[in-house]
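Novice: Got a structure for you, questions after.
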Amino acid sequence: MPRPPSAHAVVGCGRVAPNHVDAFRALDGWTVAWACDRDPATAAAFASEYGIPRVTGTIDDVLADPDVVSVSIVVDHAQHAGLVERALRAGKHVLVEKPLALSVEEGERLLRIAEECGRVLSVVSQHRYDPLVVGLSDWLSAGLLGRLLYVRSVLEASRDESYYKDSYWRGTWEGEGGSALINQGYHCLDVTRAVCGELTVVSAMARAGELFGTMRTEDTLCALLAAGPVPVSFAVTVGSTVTWRTRLEFVGTAGTVELDLDHPGKLHRAWGNPELERRAAALDPAAEEAPPGTDYYGISHRRQAADFTAAIASGKQMAADARSGLAMVRLITGLYDAAGLPRVPAAGGA
Ligand SMILES: NC(=O)c1ccc[n+]([C@@H]2O[C@H](COP(=O)([O-])OP(=O)(O)OC[C@H]3O[C@@H](n4cnc5c(N)ncnc54)[C@H](O)[C@@H]3O)[C@@H](O)[C@H]2O)c1
């Protein structure tokens with residue numbers, strides 16, 4: 001008899017939840033069994049749209065189901081740590097949207113719990129799996145850029161007033177734990193770190209509490225970081241007029257690569273030596289299948305889900321594991337500290 005498919009559950013049925021359904025549906029031997037949202041109408045509408053058989057308003061039902069092997073936690077940042085802990089302790093493997101947690105202490109605790117429970121914990125970093133990003137890492141390791149001189153990593157985005165005003169968590173330190181950096185800028189920084197290695201903060205400057213009157217958190221942050229001896233400049237804003245534009249530039253003594261993470265990813269320049277140019281020409285990100293939902297979330301949720309389920313099956317090391325998610329929490333915390341942003345609202349304050 002064929003084995004029944006392994007059951008996955010999606011907790012939080014908002015903007016990025018369709019990418020999780022699509023990612024697990026694309027896998028052989030897996031099914032999405034539960035749609036869970038604390039707003040029952042949202043859960044029901046989502047389940048109906050995506051044909052998910054079981055619906056609930058509480059994670060308790062999901063965690064009590066012995067058939068559920070793994071869960072996606074896809075809710076506001078402030079609840080990540082609590083829901084991840086509950087899911088791990090219930091024996092489920094967990095794929096949590098970025099960031100892992102709002103503080104380094106919470107993140108460290110989750111890593112300990114995952115280890116104690118013997119469960120896979122992974123933080124979504126889908127762009128690490130983009131073919132262009134994987135290609136760039138290979139070209140750097142093969143010495144095709146020579147000695148890296150500097151890196152520039154930029155996200156220019158626009159968000160309108162309703163994006164913050166109509167959300168119960170965005171634009172607040174309590175719910176989002178920051179904005180432009182921890183939410184939108186996360187990916188550029190994460191990919192830069194994945195490609196260049198550990199980053200340290202040299203200096204940072206941010207602007208907060210200025211956009212739309214309702215947003216308390218930062219709309220813009222610029223920083224200078226270091227990847228060992230290599231200077232890395234980073235900038236993110238959500239206040240521009242451009243919907244979404246990423247740009248990552250790696251300049252070395254033997255070659256330069258400039259790419260974006262906008263779906264399906266584009267290589268703007270790869271030049272400097274014939275081997276780099278030959279390998280770059282062999283990559284065709286435009287051949288990528290269109291993703292569901294918001295296009296710039298990219299198609300690589302599927303690749304990360306495949307890596308996640310392989311880790312469940314074989315214990316293999318993931319490209320985006322909990323340890324790299326924790327390193328991102330450390331880096332983000334360091335950037336907010338360097339920018340002088342009070343991540344916890346002042347007592348009795350706004
Ligand atoms: N990787 C990416 O490219 C990407 C893109 C967008 C969002 N995200 C991340 O995904 C997460 C969710 O973002 P979003 O834009 O989908 O948010 P959203 O506000 O659109 O959706 C969140 C949903 O979670 C539900 N919810 C809240 N608490 C819950 C609980 N305790 N149990 C069940 N449901 C609950 C809400 O009712 C809401 O429907 C965030 O961490 C965000 O940073 C990642």
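The values are calculated or read from the model by the stated rules, or taken from the named source; none is laboratory data. Everything numeric here is computed off the predicted structure, so don't read it as measured data. Cβ: placed from backbone, ideal geometry, glycine included. Neighbour counts: every protein chain shown. Side chains included, ligands, DNA and RNA excluded: accessible areas come from the protein's heavy atoms. Shrake-Rupley method; radii C 1.70, N 1.55, O 1.52, S 1.80 Å.
Novice: Would you mind counting up the charge near SER167? Only other residues with Cβ under 12 Å from its Cβ, with Lys and Arg at +1 and Asp and Glu at -1.
Specialist: Net charge in that neighbourhood comes out at -1.
Novice: Using +1 on the beta carbon of Lys and Arg, -1 on that of Asp and Glu, and nothing else charged, what's the dipole of the stretch 6-126 about the Cα centre, debye to 20?
Specialist: 80
Novice: Do you know the Lys pair count in the chain for C-alpha distances under 28 Å, with sequence separation 8 or more or different chains?
Specialist: 4
Novice: On to the next question. For GLU161 and GLU105, compute 0.36 nm times the residue count separating them, minus their Cα-Cα distance, and round to one decimal in nm.
Specialist: So the extension gain works out to 16.9 nm.
Novice: Here is a follow-up. Give me P(r) over the chain, computed from all C-alpha to C-alpha distances, binned every 10 Å, as integer percentages.
Specialist: With a bin width of 10 Å, the distribution comes to 5, 25, 33, 25, 10, 1, 0.
Novice: What 222 nm value per residue comes from the helices of the chain, counting each DSSP H run with n ≥ 4 as -39,500 (n - 2.57) and dividing by all residues, nearest 500 deg cm²/dmol?
Specialist: Computed ellipticity for the chain at 222 nm equals -10000 deg cm²/dmol.
Novice: Let me ask something else about it. Given a 1.4 angstrom probe, what's the average accessible area per residue across the chain, in square angstrom?
Specialist: Per residue, the chain has an accessible area of 42 Å².
Novice: What shape does the stretch 1-56 have by the C-alpha gyration tensor, where a ≥ b ≥ c are the square roots of the eigenvalues, rounded means a/c under 1.5, and otherwise prolate means a/b greater than b/c and oblate the rest?
Specialist: Verdict is prolate for the stretch 1-56.
Novice: Let me ask you something else. From the C-alpha gyration tensor of the stretch 102-257, pull out the three semi-axes of the equivalent ellipsoid (sqrt of 5λ each), sorted largest to smallest, in whole Å.
Specialist: 28, 22, 14
Novice: Estimate the FRET efficiency between GLU198 and ARG343 by the formula 1/(1 + (r/R0)^6), using the beta-carbon distance for r and 30 Å for R0, to the nearest 0.05.
Specialist: Working from the Cβ atoms, E equals 0.85.
Novice: Compute the label zone of ARG269 within the stretch 133-161: residues whose backbone N is under 12 Å from the point 7 Å along Cα-to-Cβ.
Specialist: 152
Novice: Report the residue, chosen from TYR168, TYR297, TYR150, that carries the largest GNM mean-square fluctuation when the chain is represented by alpha-carbon nodes joined by springs under 10 Å.
Specialist: Maximum fluctuation in the GNM of the chain, among the listed residues, is at TYR168.
Novice: With an 8 Å Cα cut-off and a minimum separation of 6 or more residues, compute the relative contact order for the chain in percent.
Specialist: Reported relative contact order: 19 percent.
Novice: Given 25 °C and 0.890 mPa s, compute D for the stretch 6-126 with the Stokes-Einstein relation, Rh being the Kirkwood radius over Cα pairs; round to the nearest whole µm²/s.
Specialist: Answer, rounded: 174 µm²/s.
Novice: Just ALA101, ALA206, ALA142 to compare: in a GNM of the chain, with alpha carbon springs under 10 Å, which one fluctuates most?
Specialist: Maximum among the listed residues: ALA142.
Novice: Quote the FRET efficiency, to the nearest 0.05, computed for ASP67 versus ASP284 with a Förster distance R0 of 56 Å and r equal to the Cβ-Cβ distance.
Specialist: Calculated transfer efficiency: 0.90.
Novice: Still on this structure, please answer the following. Obtain the nm distance between the two label points defined at ARG15 and ALA313 by a simple spin-label model: each point lies 7 Å from its Cα along the Cα-to-C-beta direction.
Specialist: Label at ARG15, label at ALA313, 3.3 nm between them.
Novice: Next question, about the same structure. What part of the accessible area of the chain, given as a whole %, is carbon or sulfur when the probe is 1.4 angstrom?
Specialist: Here it works out to 53 percent.
Novice: If I model a spin label as a point 7 Å beyond the Cα along the Cα-Cβ vector, how far apart are those points for GLU174 and SER240 in nm?
Specialist: A separation of 3.3 nm, rounded to one decimal place.
Novice: Quick one: of the DSSP bridges fully inside the chain, what percent are antiparallel, nearest 5?
Specialist: Of the beta bridges lying entirely in the chain, close to 55 percent run antiparallel.
Novice: If DNA, RNA and ligands are ignored and the probe is 1.4 Å, what is the ranking of LYS92, LYS316, LYS165 by accessible area, most exposed first?
Specialist: Order by accessible area, largest first: LYS165, LYS316, LYS92.
Novice: Right, next: Which FRET efficiency value, to the nearest 0.05, do you get for ASP39 and ARG112 by plugging their Cβ-Cβ distance into 1/(1 + (r/R0)^6) with R0 = 30 Å?
Specialist: 0.40
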